[in-house]
Every structure is written in structure tokens, then in C-alpha cells.
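Since the structure comes first, as C-alpha cells, the remarks are kept for the end.
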Amino acid sequence: MGRRDVRGHYDDLAAEYDDHWVYGPEYVPWMSRRIAEALRIESTDRIADIGSGTGLFARELARRSRPNRPILCVDPSEAMLRRLGSPPPPALTPIVASAEDIAEGRVQLPYEALDAVWLKESVHHLTDQAGTLSGLAQRLAPGGRMLVIMLPTTIRYPLFKAALARFEELQPDPAVIEAHLRQAGLTTRLDYVEHELRIDRDRYLSMVRARYMSLLSTFSDHEIEEGIEEMRATHPEPVLTFPDRFAFVLGRQAGESA
């Protein structure tokens, strides 16, 4: 999808986004804890969630880590950011901007530099992954950390075959993303984490129909319905159980944090 298509997809999904992504009560706390651990979040850090959407993970991380300064929730979809609340919580500051806007300095941030940054499942939307990640790396303070969270090149989601094949065709390789961070001058590390999901089948089918993954927006309504019928036949069980596996690509700027 092009940039406008991506933004439109998330604008349309904003009202239901949290319902689609909160698989169960343990998912958001689990992911937020892993983000905080990987980035070694401290209360004094200047933090940004790039591609934050509705702030699901930033909100939970703020609750757990209690940073001294608001977490910047950066997203190009104003509709998504409005879900933070009006006014937003004091611990979160919404900024309508894309990763490219931040990387290229088109949008000024309230912090001169950033100590901890994460991008969760948004790197595949970048049209120039190497250039944008390099620009974001330049926004890091000495000792600053950047975490790219992404799915691996293959997934074991109970999707229809055409969706799984298209995912493999389009998904970037975490090793390539790690190389981009290394080329940007960061010290890098690539790890994988996994969480078991259990979700009611009918609920998951409704999520697919709503195109909860941007990948699904590349299919027509007819193709989605055909895919759902295929999923019904392939997965007759009432509760779907499958692994959600993520690559954690971590980069660190040289020097010591202030």
C-alpha cells in the first residue's frame, strides 16, 4: 500500500483498533514489559513511540515505568491519536507525524534528543527503510536506544493461504533491518520473543473481515470473504491457539546517556 492508503486504512480502523489488537488481557502488558526491558527504560528517559497508533503500548509502558517526561506518541493518523483521549493523559503527548517526518526533521519534537525509541510493526510501511532508520538514529542522544519490533518473514497465524503467501512476499527480513541500523552507526542486536495467543475463532474471523492487519487491505471484499470461508474449513476449532513471534532489532548509539 502507498502512504495515503496506509493512513486511510488506519483512519478507518481507529475506532475499533484497540478491540482488534488486545487479543487478551495479558497481551499488552506482556509486550509493553518486553519493550521496557529491551530498551532498558529509565524514569529520566526521553521516549518516543513511532507509529504509536492509539498508544496501547505507550500507555501501559508509562503506567509501569512512570517516566518523568511524557512519552511522545508519533503517528501520521490523527484519528488514531484522538483515541488517546481529549485531552490526552499527562503521561502521553500526541504528535501527528510520520516516521519520515521525524527522521528528516520536518516536524520538531519537544525533546532535543531521544533516549529510547521504538517502532512496533510499522517498519514495513517505510518507503526508504535504510534512510528513515538512519535519520531516526541521528535523533538519538549519546547512549540512546532504538528498538524495531517486527514479525519475522514467516508467521503461523491461522490466516488464509493467499494472505500468508502475500505476507512472505512483502515482509522485510529482520536481518536486513539490523544491517540498516548498523550502517546508521548503531551497535545492534537481533533477538526473538514469542507469546502464545488464544482467541475465539469467530472473533478472529471478524478481525480479518475488518482488516486488522494492513496486509489484509490488499485484498478485495470478495477475496476476504473467500479467505474467511477457507479459514472456517481449515480451523473448525472454536478457539484458535497460535504463536505470535516477533523480531526485536535493537540499536544503540555510542556514548553514555545524560
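Could you tell me which of the residues 94, 174, 87, 110 is within 19 Å of the chain's Cα centre (by Cα) and within 26 Å of residue 66 (Cβ to Cβ)?
On inspection, the qualifying residue turns out to be 94.
Taking the stretch 67-76 only, how many residues are in contact with a strand residue (DSSP E or B) (Cβ under 8 Å, 6 or more places away or on another chain) and either assigned to a loop (DSSP other than H, G, I, E, B) or farther than 16 Å from residue 118 by Cβ (or both)?
Going residue by residue through the stretch 67-76, those that are in contact with a strand residue (DSSP E or B) (Cβ under 8 Å, 6 or more places away or on another chain) are 67, 69-76.
Applying the additional criterion that residues be either assigned to a loop (DSSP other than H, G, I, E, B) or farther than 16 Å from residue 118 by Cβ (or both) yields 67, 69-70, 76.
Final tally of qualifying residues: 4.
Which count do you get for residues in the stretch 156-193 that are part of a loop (DSSP other than H, G, I, E, B) and closer than 21 Å to residue 229 by Cα?
Residues of the stretch 156-193 part of a loop (DSSP other than H, G, I, E, B): 156-160, 171-173, 184-186.
From what is left, the residues that are closer than 21 Å to residue 229 by Cα are 156-160.
Going through the stretch 156-193 one residue at a time, the tally reaches 5.
Tally the residues that are among the polar types (S, T, N, Q) and either closer than 17 Å to residue 127 by Cα or in contact with an Asp or Glu (Cβ under 6 Å, 6 or more places away or on another chain) (or both), restricting the search to the stretch 155-190. Walk me through it before giving the result.
Here is the first cut: in the stretch 155-190, the ones among the polar types (S, T, N, Q) are 171, 183, 187-188.
Still in the running and either closer than 17 Å to residue 127 by Cα or in contact with an Asp or Glu (Cβ under 6 Å, 6 or more places away or on another chain) (or both): 171, 188.
Residues in the stretch 155-190 being among the polar types (S, T, N, Q) and either closer than 17 Å to residue 127 by Cα or in contact with an Asp or Glu (Cβ under 6 Å, 6 or more places away or on another chain) (or both): 2 in total.
Scan the stretch 138-149 for residues that are under 12 Å from residue 99 (Cβ atoms) and buried (at least 23 other Cβ atoms within 10 Å of the Cβ) and report the count. Can you show your working first?
Applying the first criterion (under 12 Å from residue 99 (Cβ atoms)) to the stretch 138-149 yields 139, 146, 148.
Checking which are buried (at least 23 other Cβ atoms within 10 Å of the Cβ) leaves us with 146, 148.
Of the residues in the stretch 138-149, 2 are under 12 Å from residue 99 (Cβ atoms) and buried (at least 23 other Cβ atoms within 10 Å of the Cβ).
May I ask you to list pairs of residues, at least six apart or on different chains, whose Cβ atoms are under 7 Å apart, with the first in the stretch 59-73 being of a type in the set (Gly, Ala, Ser) and the second being part of a strand (DSSP E or B)?
Once the first residue is of a type in the set (Gly, Ala, Ser) and sits in the stretch 59-73, its partners that are part of a strand (DSSP E or B) give 62/71; 62/92.
Results for (1) more than 20 Å from residue 153 (Cα to Cα); (2) outside any strand (DSSP E or B); (3) aromatic (Phe, Trp, Tyr), shown as yes or no for each residue.
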{"position": "195", "(1), (2), (3)": "no, no, no"}
{"position": "207", "(1), (2), (3)": "yes, yes, no"}
{"position": "223", "(1), (2), (3)": "yes, yes, no"}
{"position": "240", "(1), (2), (3)": "yes, no, no"}
{"position": "247", "(1), (2), (3)": "no, no, no"}
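Restricting to the stretch 41-66, give me the number of residues that are within 26 Å of residue 104 (Cα to Cα) and in a loop (DSSP other than H, G, I, E, B).
Of the residues in that region, 9 qualify.
Any idea which of 93, 132, 153, 127 is among the polar types (S, T, N, Q), under 18 Å from residue 51 (Cβ atoms) and assigned to a loop (DSSP other than H, G, I, E, B)?
Just a single option satisfies the conditions, and that option is 127.
Only the coordinates and a few stated rules stand behind these numbers; no lab work does. Since the model is a prediction, treat every value here as computed from it, not as a measurement. Cβ sites come from the backbone with ideal geometry, for glycine too, and all protein chains shown count toward neighbours.
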